[in-house]
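Okay, so here's the structure we're looking at.
The numbers here are math on the coordinates, done by the rules we state, and not lab data. What you are looking at is a predicted structure, and each value in this text was computed from that prediction instead of being measured. Cβ: placed from backbone, ideal geometry, glycine included. Neighbour counts: every protein chain shown.
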Amino acid sequence: MRLQNKVALITGGNSGIGLATAKIFLDEGAKVIITGRNPETLAAAEKALGSNVLTLKLDVTDVAATERAFAEAAAKFGKFDVLFANAGIGGATPLGGTSLEQFNAIISTNLTAVFFTVQSALPHLNDGGSVILNGSVHAVLGAPGWSAYAATKGAVRAMTRNMASELAPRGIRVNQVTPGGTKTPIWQPMASTADAMSALEARLGGMSPLGRMSEAEEIAKAALYFASSDSANVTGIEIVVDGGATSAPSGAKIFRAG
Ligand code: NDP
């Protein structure tokens, strides 16, 4: 068991990548705190995950509420060894069709709240702990219409490095998982029917040499590596789980001869 006697806090642990990570961390012996906004999916996650789980209803864009919730969690479960700042939202912000509110909603959730999630957790994080941020291949893809989202994920990549330097004196490592298109509910607003989801899977999968979207569990396993002592001398890096879409894009199906 790679996380025996460890306490892990996962924001956005009631869905998708966060929920898959909570399951894997629990299987590896951790006690897990999950946060989310939606009371129904929080309750469903609590039921599905079983014992050793604490659920907190929390909007991570509310800094004061985040500080209170993390203090409460530490009082109940003990100081944290692992923080996975995973909560995030998708959404297009095309030039010519984006309001300030839409733009700021993405920035405040995917960038500002990530910083304050780490800051709020720090007083409750053990020296030698592991912080994991959730990035995205959008940081480097240049996908049209996704400027705000891409900007936040580029900023997360930068913050991973800043925080790795800043927290090194306490032996706290800071790394990043960087998913490519991954099958989670984040895509529902853009692909609400089964047919639309299949088309999306074919399109996104077709952008990578390995030819498919990632599973949430595949991102969770990268997070497990960072959470555990297997990565004890690793900080400031990212693990990209995208089937090669960003590192070997010429291998994508559309470039193959037959
Ligand atoms: P989901 O929509 O399944 O999960 C997103 C999670 O974030 C939910 O638990 C949601 O909680 C939580 N969340 C969003 N906003 C807030 C908020 N203001 N306060 C608290 N919780 C919030 O999507 P994924 O699992 O796919 O996304 C997880 C992370 O992975 C995100 O950072 C995303 O950008 C990143 N990512 C995902 C990719 C993909 O293709 N799926 C690709 C690249 C990166 P609730 O539902 O309760 O609001």
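Go through the residues of the range 125-137 one by one and say whether even a single one is over 18 Å from residue 80 (Cβ atoms), touching a His at 6+ places or on another chain (Cβ under 7 Å) and near the ligand (Cβ under 9 Å from one of its atoms). So far as the range 125-137 goes, no, none of its residues is over 18 Å from residue 80 (Cβ atoms), touching a His at 6+ places or on another chain (Cβ under 7 Å) and near the ligand (Cβ under 9 Å from one of its atoms). State all residues of the range 47-60 that are surrounded by fewer than 17 Cβ atoms within 10 Å (Cβ to Cβ) and within 13 Å of the ligand (Cβ to nearest atom); if no residue qualifies, say none. Listed by number, the residues that qualify are 57, 59. Counting the residues of the range 78-121 that are out of contact with any Phe, Trp or Tyr (no Cβ under 9 Å at 6 or more places or on another chain), under 23 Å from residue 167 (Cα atoms) and more than 15 Å from the ligand (Cβ to nearest atom) gives 4.
Candidates are the residues of the range 114-133 that are outside any strand (DSSP E or B) and in contact (Cβ under 8 Å) with a residue 60 or more places away in the chain; the one that is nearest to residue 151 (Cα to Cα) is 117. Looking at 198, 247 in this structure, which one is over 21 Å from the mean Cα position of the chain (by Cα) and without any contact (Cβ under 8 Å) to a residue 12 or more places away in the chain? Only one candidate qualifies: 198. Among the residues making up the range 189-209, those that are within 15 Å of the ligand (Cβ to nearest atom), closer than 21 Å to residue 135 by Cβ and part of a loop (DSSP other than H, G, I, E, B) are 189, 190, 207, 208. Taking the range 70-113 as the range and being closer than 16 Å to residue 133 by Cβ, touching a Gly at 6+ places or on another chain (Cβ under 6 Å) and in a loop (DSSP other than H, G, I, E, B) as the test, the residues that pass are 86, 87. State yes or no: is residue 170 away from the ligand (no atom under 15 Å from the Cβ) and in contact (Cβ under 8 Å) with a residue 12 or more places away in the chain? Taking the combined requirement at face value, the residue satisfies it. Might you let me know whether the range 24-34 holds any residue that is free of Cβ contacts under 8 Å to residues at least 40 places away in the same chain, out of contact with any strand residue (DSSP E or B) (no Cβ under 7 Å at 6 or more places or on another chain) and of a type outside the set (Gly, Ala, Ser)? Checked against the condition, which is being free of Cβ contacts under 8 Å to residues at least 40 places away in the same chain, out of contact with any strand residue (DSSP E or B) (no Cβ under 7 Å at 6 or more places or on another chain) and of a type outside the set (Gly, Ala, Ser), the range 24-34 yields at least one hit. If only residues of the range 211-243 that are more than 15 Å from the ligand (Cβ to nearest atom) and assigned to a loop (DSSP other than H, G, I, E, B) are counted, the one that is farthest from residue 83 (Cα to Cα) is 211.
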